[in-house]
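Asks: Pasting a structure below so you can have a look.
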């Protein structure tokens with residue numbers, strides 16, 4: 001049986017203990033562990049992919065807006081240095097993010113990924129703060145129409161691929177996909193049979209070689225015995 005210790009806030013003498021007791025008063029009795037971006041969930045995997053694409057697009061927009069708002073040419077040293085720095089930081093960040101969204105043993109995102117996220121958000125805030133006049137003249141309707149067209153074309157492309165796979169796929173492709181050669185067990189069985197055949201051939205060859213060697217050895221011994229009887233080793 002679980003024991004509960006009911007302690008009044010008046011019985012706690014330290015100030016930090018009283019503050020902790022007051023804060024814990026509004027927290028639940030137990031916490032349920034929730035794994036966000038669970039690798040075993042299809043929806044979370046899809047959300048993780050969308051999140052990575054959004055981060056990528058925001059980084060691309062930051063590159064464009066920083067040059068446009070602060071009026072720096074593409075050949076400026078600061079622009080080139082930023083691109084090199086972002087390229088160096090992105091490589092381990094993508095690896096850490098991929099490990100988190102695919103590996104069930106990975107419990108948290110790596111430090112480098114958090115650093116890259118902080119840099120991306122900081123650049124976006126700088127663009128928004130210093131580009132208010134530019135964003136005020138933005139035609140939001142055109143952007144919304146463009147996004148809707150992109151979404152519609154993407155859905156139609158995926159739907160067309162599904163229809164082609166369902167109705168217009170050739171019989172050769174279907175037979176090749178259903179062939180037992182594509183199954184991993186068949187390849188293992190074939191390799192095992194080939195290995196067993198090679199082993200049997202090697203053992204048979206070794207055994208025959210030993211038998212031939214023993215026959216030649218017996219003939220040499222017989223010749224030496226005959227030579228010794230006829231006149232010694234010199235005559236042999």
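Computed from the coordinates by the stated procedures, all read-outs in this text should not be read as laboratory data. The structure presented is a predicted model; accordingly, all values stated were derived computationally and were not measured. Because the Cβ atoms are built from the backbone with ideal geometry, glycine has one as well, and the counts that use them run over all protein chains shown.
Asks: May I ask you to derive the relative contact order of region 1-159, considering only C-alpha pairs under 8 Å and at least 6 residues apart, and to give it as an integer percent? Walk me through the numbers on the way to the answer.
Replies: Numbers: 68 pairs, mean separation 30.0, N = 159.
Result for region 1-159 is 19 percent.
Asks: For region 88-145, what's the relative contact order in percent, using C-alpha pairs closer than 8 Å and at least 6 residues apart?
Replies: Working: 25 pairs, mean separation 16.2, N = 58.
Over region 88-145, the number comes to 28 percent.
Asks: Is the shape of region 43-101 best called rounded, prolate or oblate, per the rule: a/c under 1.5 gives rounded, else a/b larger than b/c gives prolate, else oblate, with a ≥ b ≥ c the square roots of the Cα gyration tensor eigenvalues? Don't skip to the answer; put the middle values down first.
Replies: Numbers: a/c = 5.86, a/b = 1.98, b/c = 2.96.
Since a/c reaches 1.5 but b/c is at least a/b, the shape of region 43-101 is classed as oblate.
Asks: A further question on this structure: Sort 38, 103 so the one with the fewest other Cβ atoms within 10 Å of its own Cβ comes first.
Replies: Values: 38 15, 103 10.
Going from least to most buried by this count: 103, 38.
Asks: Right, another one. Using the count of nearby Cβ atoms within 10 Å as a rough guide to exposure, how do 144, 69 rank from fewest to most?
Replies: Details: 144 10, 69 18.
Placing the least packed residue first, the sequence is 144, 69.
Asks: How do 100, 167, 159 line up, fewest other C-beta atoms within 10 Å first? Show your work: numbers first, answer last.
Replies: Values: 100 18, 167 7, 159 10.
In order of increasing Cβ crowding within 10 Å: 167, 159, 100.
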